[in-house]
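What follows is calculated from the coordinates using simple rules that are stated; it is not laboratory data. None of the values given here were measured: they were computed from a predicted structure. Please note: Cβ atoms are built from the backbone with ideal geometry, for glycine as well, and neighbour counts cover all protein chains shown.
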Amino acid sequence: MPMTDFDEYIKQGEPDKKEKSYIWQTAIGLQQVDGLKPSAYLIETAKQNIEGYITFKEAKNRIDNYYKMLSDRKIKTGNGANVGINKNTLNKSKIINTKKLGVKR
């Protein structure tokens with residue numbers, strides 16, 4: 001399964017960026033297990049969060065709004081459902097990765 005360039009953040013080793021990268025990779029990986037492909041918008045928003053330009057809450061709001069907009073368009077045109085990273089997926093990935101990193105929450 002090809003990964004995004006979050007691996008580069010992990011290699012750089014900055015603790016905050018490294019943890020956020022693991023969290024996003026895991027969240028996206030959980031979506032990919034279900035056969036879902038993340039959008040370029042989601043990837044770019046994740047990168048902005050990793051870089052510290054936006055908070056996790058802001059990233060989630062942007063992604064939610066983006067997929068809601070797409071969903072509204074698809075309902076009007078009769079196309080299928082949309083795919084987003086939901087809060088539960090990100091929370092699960094935080095739990096998985098903080099255990100992996102030995103971080104207690």
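The label-point distance for Val33 and Asn65, in a model that sets each label 7 Å from Cα toward Cβ, rounds to 3.1 nm. Counting other Cβ atoms within 10 Å as a rough exposure proxy, the listed residues Lys47, Lys74 run Lys74, Lys47 from fewest neighbours to most.
Karplus-derived 3J(HN,Hα) values for the stretch 27-36, using 6.51 cos²θ - 1.76 cosθ + 1.60 with θ = phi - 60°, are 4, 5, x, 5, 5, 5, 4, 7, x, 9 Hz; glycine and proline are entered as x.
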